[in-house]
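The values are calculated or read from the model by the stated rules, or taken from the named source; none is laboratory data. As the structure is a computational prediction, the values presented were derived from the model and not from experiment. Reconstructed Cβ throughout: ideal geometry from the backbone, glycine too, with neighbour counts over all protein chains shown. The protein model used for the area step is the full one, side chains on, heavy atoms only, and it has no ligands, DNA or RNA in it. Shrake-Rupley method; radii C 1.70, N 1.55, O 1.52, S 1.80 Å.
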Amino acid sequence: MNDIDSLLNKIKNAKELDFGDVISNTIELFKEVWLKGLVVVLLVLVSAICINLVFGLIGVAPVLDQDFFNGDFDLKALATFYSSSAIYGIPQNMLVSTLNLAFVGGFYRICKQIMSGENGYEDYFYFFQKEYFSKVFMLGIIYTAIVTIAQLLCFIPYIYVFVPLSYFAVILANNPDLTEMEIVKASFALGNKKWLITFGTMFVAGLVAMLGILGCVIGIVFTMSIIYLPSFLIYKDAIGFDGMHGINDIDTIQE
């Protein structure tokens, strides 16, 4: 367990990573956890769909003008929908972000257990416990606020904040005793420190995930969880887990 000062110090002194090593270890870890990743992806998708349906039924979900689909392309209408969806979608996005952080955080705990050789219970709902859920909910609010502001700034800033945001669940899973703002601070510190390699490896992982489309389209559900793994492994190498040091320790899960 790290306090915020030691965590930030480890991030500051993190060694340079090899792009190829991160990608190869991502693929190897995915082979071990793809089924557990599938469960998480299904949980995230089902919860997001249910939330979307509820908000749609009560009439608070933004709807794009149907004329836009009838050949009358209107850039202004698209821009209006984009900005309105960012604003009016805030309550919905807060709930989706909260559940996503909770499920993915649980997934990272399971990945750590597997890599550490632990035989602990695979608890996908670990961060739904009372002592953690209020923290996860606050992180969901912060996550949504950052995303909304980035979207309103013509989306391009979202490309930048996407990397630090990807570390929210990673930092939470490995340092659940940190406060919400300490998790945010550490996420941006690590995201900024390892921005390029994180973005690059997640991009490649995304391309690999898209190969699932070849499996009758629905196959992408089976491969989607690989996108979560690069940031998890980069954290592992930059910070280290208890009793584990360095990204090359992933070889131990294959023994």
Quiz item: Does any residue of the stretch 72-80 turn out to be part of a helix (DSSP H, G or I), modelled with pLDDT under 85 and either surrounded by 14 or more Cβ atoms within 10 Å (Cβ to Cβ) or in contact with a strand residue (DSSP E or B) (Cβ under 6 Å, 6 or more places away or on another chain) (or both)?
Solution: yes
Practice problem: Test Phe127 against the criterion of being assigned to a helix (DSSP H, G or I), touching a Lys or Arg at 6+ places or on another chain (Cβ under 9 Å), under 27 Å from Gln92 (Cβ atoms) and not polar (S, T, N, Q), and give yes or no. | Solution: yes
Quiz item: Are any residues in the stretch 153-179 surrounded by fewer than 17 Cβ atoms within 10 Å (Cβ to Cβ) and outside any helix (DSSP H, G or I), and if so, which ones?
Solution: Leu153, Cys154, Phe155, Asp177, Thr179
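Here's the yes/no breakdown for (1) buried (at least 16 other Cβ atoms within 10 Å of the Cβ); (2) small (Gly, Ala, Ser); (3) under 24 Å from Gln92 (Cα atoms):
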position: Glu131; (1), (2), (3): no, no, yes
position: Gln151; (1), (2), (3): yes, no, yes
position: Met181; (1), (2), (3): no, no, yes
position: Asn192; (1), (2), (3): no, no, no
Quiz item: Of the residues that make up the stretch 86-109, is at least one at pLDDT 60 or above, open to solvent by 40 Å² or more (accessible area, probe 1.4 Å), aromatic (Phe, Trp, Tyr) and under 30 Å from Phe232 (Cβ atoms)?
Solution: no
Practice problem: Determine the pairs where a residue that is open to solvent by less than 70 Å² (accessible area, probe 1.4 Å), located within the stretch 30-51, has a partner that is aromatic (Phe, Trp, Tyr) with Cβ atoms under 6 Å apart, the partner being 6 or more residues away or on another chain. | Solution: Leu38/Phe222; Val40/Phe103; Val40/Phe107; Leu43/Phe103; Val44/Phe103
